[in-house]
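Here's the structure, in structure tokens; my notes come after.
The values are calculated or read from the model by the stated rules, or taken from the named source; none is laboratory data. All of these numbers come straight from a predicted model, not from anything done at the bench. Here Cβ is always computed from backbone atoms with ideal geometry, including for glycine, and neighbour counts include all displayed protein chains.
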């Protein structure tokens, strides 16, 4: 998946899902970044920022969040949020960044956030297919 700046049409980043790993490979401005899975039984992923060398964690916003996700910094302060428009966890929703998030950090959070939304969508469509007797991609 490729993410472009709408104003300049410049490539901001890419997202690659690994078939044998829950980690997600990102490139942001041609630099490799890993969105590392928190483990096999969790949906959290950690991003090591090259913008400020901090660690950020994407996680579900509660058990019954309907697809909402939060990104927290190392002090557990919210820096980004994806709020799904509907409970069915479709691709549409609102993506919010905290105040002061700009430049490279903004690009890292947007690309990693889009990756998390797509990972959730793939997981959900794989689970639905598996429970219906069909195949499933999963992430």
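Scanning segment 1-43 for residues that are part of a loop (DSSP other than H, G, I, E, B) and under 20 Å from residue 101 (Cβ atoms) returns 5, 6, 7, 8, 10, 29. Against the criterion of being touching a strand residue (DSSP E or B) at 6+ places or on another chain (Cβ under 7 Å), under 21 Å from residue 22 (Cα atoms), outside any loop (DSSP other than H, G, I, E, B) and at pLDDT below 90, residue 117 qualifies.
Filter segment 46-64 for residues that are part of a strand (DSSP E or B) and at pLDDT 90 or above; which is surrounded by the most Cβ atoms within 10 Å (Cβ to Cβ)?
So the residue we want is 58.
Within segment 19-34, can one find any residue that is more than 13 Å from the chain's Cα centre (by Cα), touching a residue at least 40 places away in the same chain (Cβ under 8 Å) and surrounded by 13 or more Cβ atoms within 10 Å (Cβ to Cβ)? Yes; the residues of segment 19-34 include at least one that is more than 13 Å from the chain's Cα centre (by Cα), touching a residue at least 40 places away in the same chain (Cβ under 8 Å) and surrounded by 13 or more Cβ atoms within 10 Å (Cβ to Cβ).
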